[in-house]
Amino acid sequence: MPTKSSKFVFLFFFTVFSLIVSLLFPSAVFADDGVPPSEEASETVSPVEDAATPEEETLTVDDVVSPSEEATEAIPPETLTAEMPETSVVEILAAMDEAGVALVDENGNPIPLVSETALELLTVPDPYVVRGGVTYRFLPIGGCAAFSGDPNCTESATPIQAAINFSVNGETIFVDPGTYVEQLEITKNIVLQATASGVIIKSPVLLTDFFVSGSNKNYPIVYVHDTANTSIIGFTIDGNGNGNDNYRFDGIGYYNAGGTIQGNTVQNITNSTFSGSQHGVGIFVYATDGLPHAISIDNNVIEDYQKNGMTITGNGITAEITNNTVTGAGPTTVIAQNGIQVSGGADALIQGNTVTGNAYTPQTVVSTGILFFGPGDVEIADNYLDGNDVNAYVTAAGNVEVTGNTILNGVWDGVWIDSSGPAVITGNTFSGNSEGVGLWGMTDMTAVHINGNVFTGNVLGVANYDAVDVDATGNFWGCPGGPDDPACDQVTTHVIYDPWLVKDPFVTPVNPFVPPVAVEKDTVKRSQSVPLMAGSGELAEISCESQSASFLVGEIKVVFTGLCGYETKLDLLTNELLPAKLDNSYKFLFGLDISLYQDGKPVSELPADANVTISYPATGLVMEWNSTTGDWQEIQAGEVNGRAEVDAGSGTFILIGE
């Protein structure tokens, strides 16, 4: 078998060869003292789940990790790539040939430099660590022959693990492109970073290292445990379908650990044939020690998993799961998958992810895009969820926030929440779901607010299965008529939907609608018109469909009575835009300018049978600007069902606190 050995043909060979080696290997990238620049390191992920029986498919993947602490700094792969020389290996080989360099195999036989064999020998990838300006290389067996006499070159059948064993806390291990068949175990606060795309860590047939969740052994390809800040950046973790002999099979596992998992592709975490065996998790983060663990899982691609894309479970874990793409198998009869699961008391922000294709066609159990099963606090923001049985399923959670998501084509629900605490659902688009939002068994329905969303093309916009009313005011229901119109999305009983938006607020979001506070149903007059941009300075028509029309601006409700055919313009005011400075004894809370128009002309006085009222939370007081006297004048307020209400007209009004 050929080795990377070489001999002199000319006396100046060593100088030429050193120059060529410096072009070939990335240690030459580092400037000045030869020490690589540092950056914040990313944190590691850990694969999902636990279920061993078919019924567990419904909403479980029982284990999750949670590391915490600041990440070690690392060099972004793109930086390394940008600094590498553009000279190709073929050109370098030609230069070596001209310089009289010769390669020989282990028996001393010459290897032509212009050959595939030479090309292979001189491009074997290697992990390396730079310490004190010295590069320490870790190569496959026979690889150090190219560095004859270099005491800092180590040969190993598992070169990445050899580099890990050599490293110390705070160091970065750089790994060149190539395929490495290894199981990795990391117990240090280090950064493991690919220098470019194409660095593949492939699962061996049998994995030996594991951690236990419940009574189950979990076998991750990359196993991080008992660390505070370990980062895995830029790799392809390939399970190669080796789940049959490694139950339960994970791509990346973090056990009682924290850190960053960033820019990786995790794939083929399945049995040799995709099956109903309840394992196969892309990233599993699991904690049992009750200590705080912070984990960042960012910008990864997770696909071809058998059970879960990722599972995060355990008290003490705080996870930020951002900008990942998690793709299930699509509609399947084989197994009920979950894209992202957070459970066991873990807190999580799930933001900016794309989660699709988790659907179990028998419908005897539920697949989910995002599953929160007994977590701590929950925030689901700015995600794209499409084609999952339930796009986001939340059960037995603390505080729940669902904001800014696009939630499409849920076979059952766009968002389902049960047995949970306060919930705010705002700024989302729900389309094509059987139910946009489903609620049941909430701990306090008065603390649930569904405002400022778009519901269109759902069988039901909001379904409330409790006997207590829920606030769902200020939403757009797919057409101007709201749920009273059969052409719009409908709602069940115990859903307060009036007033509603008559236009999609996300079409031209100049000044987005701010959700209102909860209002008891019997205090809400039928609202025929809620402007698209309350406070945007645009004219909005006051409808003639009933005597009164309500407009919502933040927590402020403005009701116009007897002004059919008029128009209004509602402008939000900051403290800086007020006509005169407030006395220092007052605290500015809210400013609103109300203008009335008829046939496009300003109206200064109300008709005799008309009035305008402002309703607001029963704190603070309202003052009106008197342009004649040039000062602020307090308006006496009454109280209606726990909210303050004042008679107003057109003019400038402020809500202040003393």
Among (1) more than 26 Å from T426 (Cα to Cα); (2) at pLDDT 75 or above, there is one condition L577 misses while meeting the rest; what is its number?
(2)
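If you go through segment 613-621 one residue at a time, do you hit one that is more than 40 Å from the chain's Cα centre (by Cα), of a type outside the set (D, E, K, R), farther than 20 Å from A549 by Cα and at pLDDT below 80?
Going residue by residue through segment 613-621, those that are more than 40 Å from the chain's Cα centre (by Cα) are 613, 621.
In the following step, the residues that additionally are of a type outside the set (D, E, K, R) were identified as 613, 621.
With the extra rule that they be farther than 20 Å from A549 by Cα, the set shrinks to 621.
So of that shortlist, the ones also at pLDDT below 80 come out as 621.
The answer is yes; a qualifying residue exists.
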Members of segment 213-236 that are within 26 Å of S275 (Cα to Cα) and open to solvent by 20 Å² or more (accessible area, probe 1.4 Å):
G214, S215, N216, K217, Y219, T236
Here the residues within segment 119-143 that are loosely packed, with under 14 Cβ neighbours inside 10 Å, hydrophobic (A, V, I, L, M, F, W, C) and either at pLDDT below 90 or not in a strand (DSSP E or B) (or both) are I141
Just to be sure before I move on: is V355 buried (at least 21 other Cβ atoms within 10 Å of the Cβ) and either of a type in the set (A, V, I, L, M) or touching a residue at least 24 places away in the same chain (Cβ under 8 Å) (or both) in the structure I sent?
yes
Residue pairs meeting the criteria (Cβ under 9 Å; at least 6 apart or on separate chains; first acidic (D, E), in segment 318-329; second part of a strand (DSSP E or B) and open to solvent by 50 Å² or more (accessible area, probe 1.4 Å))
E320/Q351
List pairs: first residue in segment 489-515 and among the aromatic types (F, W, Y), second residue modelled with pLDDT under 90 and open to solvent by 40 Å² or more (accessible area, probe 1.4 Å) anywhere in the structure, Cβ distance under 9 angstrom, at least six positions apart or on different chains.
F506/P512
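Quick grid of which residues meet (1) assigned to a strand (DSSP E or B); (2) open to solvent by 60 Å² or more (accessible area, probe 1.4 Å):
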{"residue": "I594", "(1), (2)": "yes, no"}
{"residue": "L606", "(1), (2)": "no, no"}
{"residue": "I614", "(1), (2)": "yes, no"}
{"residue": "W625", "(1), (2)": "yes, no"}
{"residue": "T628", "(1), (2)": "no, yes"}
{"residue": "W632", "(1), (2)": "yes, no"}
For segment 144-194, give me each residue that is β-branched (V, I, T) and open to solvent by less than 10 Å² (accessible area, probe 1.4 Å).
I160, I164, I173, V175, I186, I190, V191
Could you tell me which numbered condition V365 fails, if it satisfies all but one of (1) of a type in the set (A, V, I, L, M); (2) part of a loop (DSSP other than H, G, I, E, B); (3) open to solvent by less than 10 Å² (accessible area, probe 1.4 Å); (4) closer than 22 Å to I407 by Cα?
(3)
Residues that are under 14 Å from R248 (Cα atoms) and open to solvent by less than 10 Å² (accessible area, probe 1.4 Å), at least 3 per element: which strands (runs of 3 or more DSSP E) completely within segment 275-337 meet that?
281-286, 308-313
List the number of the failed condition for V491; all other conditions in (1) modelled with pLDDT of 50 or more; (2) surrounded by fewer than 23 Cβ atoms within 10 Å (Cβ to Cβ); (3) touching a Gly at 6+ places or on another chain (Cβ under 7 Å) hold.
(2)
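Looking only at segment 457-479, count every residue that is assigned to a loop (DSSP other than H, G, I, E, B) and open to solvent by less than 20 Å² (accessible area, probe 1.4 Å) and tell me the total.
Residues meeting the conditions: 7.
Looking at segment 237-274 only, could you name the residues that are among the acidic types (D, E) and open to solvent by 40 Å² or more (accessible area, probe 1.4 Å)? Give the derivation first.
Filtering segment 237-274 down to residues among the acidic types (D, E) leaves 238, 245, 250.
Listed by number, the list holds a single entry, D245.
The values are calculated or read from the model by the stated rules, or taken from the named source; none is laboratory data. Everything numeric in this text was worked out from a predicted model, so none of it was measured. Reconstructed Cβ throughout: ideal geometry from the backbone, glycine too, with neighbour counts over all protein chains shown. With ligands, DNA and RNA removed, areas are computed over all heavy atoms of the protein, side chains included. Shrake-Rupley method; radii C 1.70, N 1.55, O 1.52, S 1.80 Å.
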